[in-house]
Every structure is written in C-alpha cells, then in structure tokens.
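S.K.: The structure that follows is given in the form of structure tokens.
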Amino acid sequence: MGSGCSSPSISLTTISATSPFQSQESPSNYLNFCSPTRFLEPHLLKSSKIFIPKSLLKCAKVHKMQTQVEDSAKPIVDPHDIDPKLVQKLANDALVWCSLRGLLVGDRNSERSGTVPGVDMVHAPVALIPMSFPESHWKQACEVAPIFNELADRVSQDGEFLQQSLSRTRKVDPFTSRLLEIHSKMLEINKIEEIRLGLHRSDYMLDEQTKLLLQIELNTISSSFPGLSCLVSELHRSLLQQYREDIASDPNRIPANNAVNQFAEALAKAWNEYGDPRAVIMFVVQAEERNMYDQHWLSASLRERHQVTTIRKTLAEIDALGELQQDGTLVVDGQVVAVIYFRAGYAPSDYHSESEWKARLLMEQSRAVKCPSISYHLAGSKKIQQELAKPNVLEKFLENKDDIAKLRKCFAGLWSLDESDIVKDAIDRPELYVMKPQREGGGNNIYGEDVRDALLKLQKEGTGSDAAYILMQRIFPKISHSILMREGISHKEQTISELGIYGTYLRNKTEVVINQQAGYLMRTKVSSSNEGGVAAGFAVLDSIYLV
C-alpha cells in the first residue's frame, strides 16, 4: 500500500528524438510500474527458494479453465494494423476533444502553468484507443474494493498495530517517524475521529504467467486522477463510436467511469455529516501543481452538484492562516473548514520547513473530517501492506472468511528485510524482486541489479536501515501494443498497463454511510522502463475495453 498513488505537481519531460515517450530525465513522479520480468514461470517454481504464498498457487489452478477462455479473447485492435492516415485522424480528433472537454494539464515549459489556472495548458498524455482487459478480472477488482475500504478503516483504528508495525521503520526513516509522532500525540490525547472518510485507489497488474490479478498497493492519500480518468473513458467511447467502421469495436465495452462525481459525493456527504452549512471543504495542495485540473474537476462537481464551496491552500498557508478554536473547529483564512482533502503532504518534499509540519499537526488536532487522517495515511504505508500479507493478520481485522480469501487472492509476494532467506534469494536473483521504501509519489523503487547492490550495502552498514524497505514480488504483466500520445505526437509502442480501482468510504461513529467501488484509472506505459509516470514521460492515461 503506498507508492504510485499520489498526485505531485505534474511536469512534462523533454521528449527524445527517437520516441516521444522516452524521457531524457530520470522520472520523479508517481505512476510507478513494475516492468515485465519472469517470476512465476514453471522452471522457476521448481527451483525457487522464494516463499510463494500457497494461495497464489491454488488460485493459479482454480483459474486454469477460466484463463483458457481469456487467452482466446482478441484485443480491440492491433495498433500496428491501423493505417497511419487513420492514426493521424484519431490523433487530431482526440486533441480537439481534449481541448473542448478539459482533459488537460499544465505545460511544464511555462513557469506560470502550475500556479495560474487557464494559463499554458496542454492535453493530458493519453492512449488513442483503450486497452483490452479481461472482464472477469475487472469484476474481481470491483468486487474487492469495498472490502479493502473496510480493511483500511479497521486498520486505521488499531493504533497499537500501526505503531508496533512501524516501530523499526521510524528509527531509520525520518519522514515516517514524523508521521508516527503526530499519530502518537493523537493517541495520547485520545483523539477520536467520529467521522472517517477514505478516498482510496487499489492498483493492480495482471500477471501473465498465472493470470492472477495482483495488487501493487492500496493508496489512502491523494489518490489522483478521479477527474481526468473519467474524461479518458469518454474520449475513447467517442472515438470508437466515430470510427466504428474503421475499428471494429463496441463503445459500450468501455465500462462507465464516474469517479469524479462519486468522489465529490463522498466529500459532500462528509461535509453534510459535519453539520455546518457555512463551512467549506479545503483542498491541501502543492504550491506548483500542473495537475490542478484533475482537482478542479472535483471542485466543480462539489459546487454544481452539491452547492459546496471549496478552497485551496498549501501547508505553509494553513500554518500562517489557520487557527484552532477551543471546541476543535478549524478556521483557515476566516473560513470554517468541515473537510480537509489532501492532494499534498504525502512525501518529504512537501515539508519544506517546520511550518508544514505545524500545519499537519494543527489539522490533525481539529474536529474537521480528514481525508486522510494520520491513521489512514499510515494504514496505506508499504510496511503495513507487507504486515497484512502475513498469515493470520487479516483475521484480526475482518471476520468474513470469504472476504479474507478474496483479498488474499490479490496479494503478491511481500516480505520484510529481516527474512534472511528472502534477502539471500533477492541478492542471488534481484530481477525477481522490487525493493520499496516507505514513500508515496513514485520514482522511489529499486529494480534489477540495483536491488542486489542496495541489499549488500545495507548488510555491510548493519545500521538497521533495512527496516525502511520491503521486498515485493516482481510482476510479469502482458506486453501489448498501444498508440500513446503526448504533446500532440502519437507513437506506437510496446506497453504494459496498471489498473486502479477507486473506492469511497464514509463512516460516522458506527454507521457506514458509504462503502463502494467508485470508478477506475487505467495507466499504460512503455514496457522497457522500470519506472513510470504520466508526468515523467513514460505513462499515459488510458481506459479499458472489456473482453
């Protein structure tokens, strides 16, 4: 649960001459994908020392007949078969559509594009046609979304579990330590969050060898792109309808995607539960945010559908303008805040000074509804994800055995670095693992030979710094063909994709007000890169075509 979820200021990288999707810069943004590498192939299973969960092997057998059907399903179209003239028509129509409908980001070449709305906008990086995806796995991902919502809420309420699970990490990771410090203060004063709001996104990849849908992470803070992802689904539906004779396809095979309105509904209902019609919803944002339009779509939905006012403030502005009244009411710049929605604050880079940390503590002490609260934030960390994958841990938080089995079916291999056998195997075969620090926002993971180097360095230092990381099974997703478009240039690429399922959860004391799947995000990137990112020049926004 953690990396790749958040929405840092979006920046478009320099485009190379060979391909408009190969960045000349090192990626530093959030759409973090595991690139294809063999992990669960039969010959590896026979000789592997890796502790592969039995549930994965069982699921592989259960799905054998099902996947034979899926293997025979044809993709919507092979982009390499599309005439270049038709590709150009698709690209031109897509560019017009993006401009008219607000499928936009700020232009990184303009200094003002991340601070002044409406200045120097460009179309968001997109795929020109949707990605084929098995309907059975789509239904599976949607089915488990409410279960993951409930799990995150229950984990967040177990302060002792959060503190103990992250106790070693806090000693070597200053950022996690600061978060835990705020959490500890809330436990000491017995701060109770009666109204709890979660806007989550669970990210998955479809493993090519086993045909299992495996979870990459569960994001509990700043789950980005609910606004733009809906528009991409509409764009693809429009293009397939317009070019139905040229591209044999059914636009209705693209699932409905209403993430922006479902997120807005959850925020509005939390605002209503707070009970002050004069209060506002405050978006916590970065000072420079080229992905602001994704956020503004939420604000527009709140204003037009629910008549709720939103304000945008940075952490530094909240520290300067915020005050906490005796009854716990948070007032920022003279306005009472009912709901705090974080689109910043998930990474160390968001905390430039003590001012930002003071703002985070001030908000946590208030009675405003936090999305997420500090406990929800910690519940989405990678170490907690790894702890939940241990035997008999899910049973501490969930009672329904069927629900537990459904979640475990999605778990990839996850291990702590204090498991010596796993560490030894990762040193011997680093290509089979991803090494992850306790970070959100992407660009932080370690791959390939760098895994071996990092592990050997940690062993040599012997400082306990290994507690700052976990090891995860590296997933081998199917490679597909796509047409990716960035800055008006379309290019055919070999790609892999990651599916994110949004979930909304709202509880007031013991009453669950909302718990549902809430739309989706599809991201597609070139298969040759380790890292990915819509903003970093590798990934684009996509939608799915059910097969």
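S.K.: What is the stretch 436-533 by shape, rounded, prolate or oblate, if you read a ≥ b ≥ c off the alpha carbon gyration tensor as root eigenvalues and call it rounded for a/c under 1.5, prolate for a/b larger than b/c, and oblate otherwise?
M.R.: Oblate, because a/c is 1.5 or more while a/b does not exceed b/c.
S.K.: Over the stretch 143-204, average the accessible area per residue using a 1.4 Å probe and give it in Å², no decimals.
M.R.: Computed with neighbouring chains in place, this is 40 Å² per residue.
S.K.: Next question, about the same structure. Roughly speaking, to the nearest percent, how much of the stretch 189-241's 1.4 Å accessible area is carbon and sulfur?
M.R.: Carbon with sulfur: 47 percent of the solvent-accessible area.
S.K.: Can you pull the accessible area of GLU143 for me, 1.4 Å probe, Å² to the nearest 10?
M.R.: Only protein atoms counted, so the area is about 90 Å².
S.K.: Pop the C-beta distance of GLU135 and GLU234 into the FRET formula with R0 = 30 Å and round what comes out to the nearest 0.05. Mind showing how you got there, number by number?
M.R.: On the way: r = 20 Å, r/R0 = 0.67.
So, using R0 = 30 Å, E works out to roughly 0.90.
S.K.: Can you pull the percent of the stretch 324-413's accessible area that's carbon plus sulfur, 1.4 Å probe, other chains left in place?
M.R.: Answer for the stretch 324-413 is 46 percent, counting heavy atoms of protein chains only.
S.K.: Same structure, new question: For LYS401 and LYS460 in the same chain, what is the full-extension length gain: residue separation times 0.36 nm, less their Cα-Cα distance, in nm?
M.R.: On the way: separation 59, 0.36 × 59 = 21.24 nm, distance 4.30 nm.
Taking LYS401 through LYS460 to full extension adds about 16.9 nm, to one decimal.
S.K.: Excluding SER233 itself, calculate the net charge of residues whose Cβ lies under 15 Å from the Cβ of SER233, where each Lys or Arg counts +1 and each Asp or Glu counts -1.
M.R.: 0
S.K.: Which order do the peptides 417-428, 381-392, 249-260 take when ranked by the mean count of other beta-carbon atoms within 10 Å per residue, highest first?
M.R.: 381-392, 249-260, 417-428
S.K.: With Cβ to Cβ distances under 14 Å as the rule, what net charge do the other residues near VAL126 carry (K, R +1; D, E -1)?
M.R.: So the surrounding residues net to -1.
S.K.: Follow-up question, since we're still on this one. Can you give me the accessible area per residue for the stretch 231-341, using a 1.4 Å probe, in Å²?
M.R.: 43 Å²
S.K.: Take the cross-link list LYS185/LYS313; LYS191/LYS383; LYS211/LYS406; LYS390/LYS478 and give me the ones stretching past 26 Å between alpha-carbons.
M.R.: With Cα atoms farther than 26 Å apart: LYS390/LYS478.
S.K.: Starting from the Cα of GLU188, move 7 Å in the Cα-to-Cβ direction to define the label point; list residues of the stretch 364-378 whose amide nitrogen is under 20 Å from there.
M.R.: Flagged as within label range: 364-367, 374-376, 378.
S.K.: Using a 1.4 Å probe over the heavy atoms of the protein chains, calculate the carbon and sulfur portion of the accessible area of the stretch 422-547 as a whole percent.
M.R.: Answer for the stretch 422-547: carbon and sulfur cover 46 percent of the accessible area.
S.K.: Moving on to the next point. Let me know the shape class of the stretch 88-212, please: from the alpha-carbon gyration tensor, a ≥ b ≥ c as square roots of the eigenvalues, rounded when a/c is under 1.5, otherwise prolate if a/b is greater than b/c, or oblate.
M.R.: It comes out oblate by the Cα gyration axes.
S.K.: Right, here's the next one. Just reorder TYR341, TYR274 by solvent-accessible area, largest first, 1.4 Å probe, all chains present.
M.R.: From most accessible down to least: TYR274, TYR341.
S.K.: Might you work out the accessible area of ARG168 for me, using a 1.4 Å probe with all protein chains in place, and round it to the nearest 10 Å²?
M.R.: Using a 1.4 Å probe on the heavy atoms, I get roughly 100 Å².
S.K.: What does the charge add up to near SER497, with Lys and Arg as +1, Asp and Glu as -1, over the other residues with Cβ less than 13 Å from its Cβ?
M.R.: On the way: positive: LYS478, ARG523, LYS525; negative: ASP203, ASP207, GLU208, GLU493, GLU498, ASP542.
The answer is -3.
S.K.: How do MET121, MET472 stack up against each other in accessible area, from largest to smallest, with a 1.4 angstrom probe?
M.R.: So the residues, ranked largest to smallest area, are MET121, MET472.
The values are calculated or read from the model by the stated rules, or taken from the named source; none is laboratory data. This one's a predicted model, so the numbers in the text were calculated from it and none came from an experiment. So basically every Cβ, Gly included, is an ideal-geometry build from the backbone, and we count neighbours across all protein chains shown. These area figures cover heavy atoms from the full protein model, side chains too; ligands, DNA and RNA do not enter into them. Shrake-Rupley method; radii C 1.70, N 1.55, O 1.52, S 1.80 Å.
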